[in-house]
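All of the numbers you see were taken from the coordinates with simple rules; none came from a lab. These numbers were taken from a predicted model, which means no experiment stands behind them. Here the Cβ positions follow ideal geometry from the backbone for every residue, glycine too, while neighbour counts run over all protein chains shown.
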Amino acid sequence: MLDPAQVARRGYVVIVQDTRGRATSEGEWIPFFYEPEDGVDTVAWAAQLPYSNGEVGMYGVSYFGFTQWATAIHQPPALKAMIPFQTWNDPFNGVVFRKGALELGSAGSWQLNMAMDVLIRRHRGNPQALGQALQLLVKEMDTLATSGYASLPLSEFAPFKQQDIAPAFF
């Protein structure tokens, strides 16, 4: 991975940004939805900073690799370089869908991993409630293969229902 501290030592400005509604970012996270417009806005903002030369590069692994592709589609003038790795360019063909068909194994597992952030945000002020919610989440992840994937209909997908988490893909 690219080490932001090493890059900054070499004279580059490094801005670390999470997606909307994740970690401490404001708003609601809807996977793959806001990333194109947010990426274009971020590139334009970074290019206008007083210490910027107006040229912006992006890097990131996995979901942050995808956010680069989502931004690049709109060809923001200041975007001059990208380093996406271990990622995909089309979330609807290769991550949780394959040629339009839902891949429940990938989708269920990935969303349970993303649910950790939802629970941390939800129980930020209550460590005991957070601990209980994370224990239940781990249990759901551990039993996904043996019972979780058998939960039908998908709109009532038990691993999400028990955590009161809205699934993003089904």
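Can you work out ³J(HN,Hα) from phi for every residue in region 66-72, in order, using Karplus 6.51 cos²θ - 1.76 cosθ + 1.60 and θ = phi - 60°, giving whole Hz and x for Gly and Pro?
Result, ordered by residue: 4, 4, 5, 4, 4, 6, 4 Hz.
What is the gain in length, in nm to one decimal, between A81 and Q6 on full extension, counting 0.36 nm per residue of separation less the C-alpha to C-alpha distance?
25.2 nm is the gain from fully extending A81 to Q6.
Can you give me the angle between helix 104-122 and the longest principal axis of the chain, using Cα atoms only, in degrees from 0 to 90, rounded to the nearest 10?
It is inclined by approximately 80 degrees.
Counting Lys and Arg as +1 and Asp and Glu as -1, what is the net charge of the other residues whose Cβ lies under 15 Å from the Cβ of V40?
-2
Nearest 0.05, what FRET efficiency do S106 and A166 give at R0 = 22 Å with Cβ-Cβ as r?
E(calc), rounded to 0.05, equals 0.75.
What's the angle, to the nearest 10 degrees (0 to 90), between helix 35-48's Cα axis and the longest principal axis of the chain?
Taking Cα atoms only, the helix is inclined about 30 degrees.
Taking R0 as 41 Å, what's the FRET efficiency between E156 and N53 from their Cβ-Cβ distance, rounded to 0.05?
0.20
For the chain, give me the percentage of DSSP beta bridges that are antiparallel, rounded to the nearest 5 percent.
Bridges in the chain that DSSP calls antiparallel: roughly 25 percent.
Based on Cβ point charges of +1 for Lys and Arg and -1 for Asp and Glu, what charge dipole magnitude is obtained for region 97-161 about its Cα centre, in debye rounded to the nearest 20?
Dipole about the Cα centre, nearest 20: 180 debye.
Express in whole angstrom the spacing between the alpha-carbon centres of region 13-87 and region 112-170.
28
Mind running the shape call on region 62-170? Use the C-alpha gyration tensor, a ≥ b ≥ c as the square roots of the eigenvalues: rounded below 1.5 for a/c, prolate if a/b tops b/c, oblate otherwise.
Oblate is the answer for region 62-170, as a/c is 1.5 or above yet b/c matches or exceeds a/b.
Quick one: length gained pulling H74 to W88 fully straight, 0.36 nm per residue minus the C-alpha distance?
Separation in residues times 0.36 nm, less the Cα-Cα distance, equals 3.3 nm.
When we measure straight from the Cα of K99, which aspartates and glutamates land under 19 angstrom away, once same-chain ones fewer than 8 places off are left out?
In chain and number order, the partners are D90.
When a footprinting reagent is the concern and you count Cβ atoms within 10 Å, what order do I120, I73 take, fewest first?
I73, I120
So for the pair A145, E26, with labels modelled 7 Å out along Cα→Cβ, what separation do we get in nm?
4.3
Would you please give the residues with an amide H less than 5 Å from that of F97, counting only those at least 5 places away or on a separate chain, with H modeled from the backbone geometry?
E103
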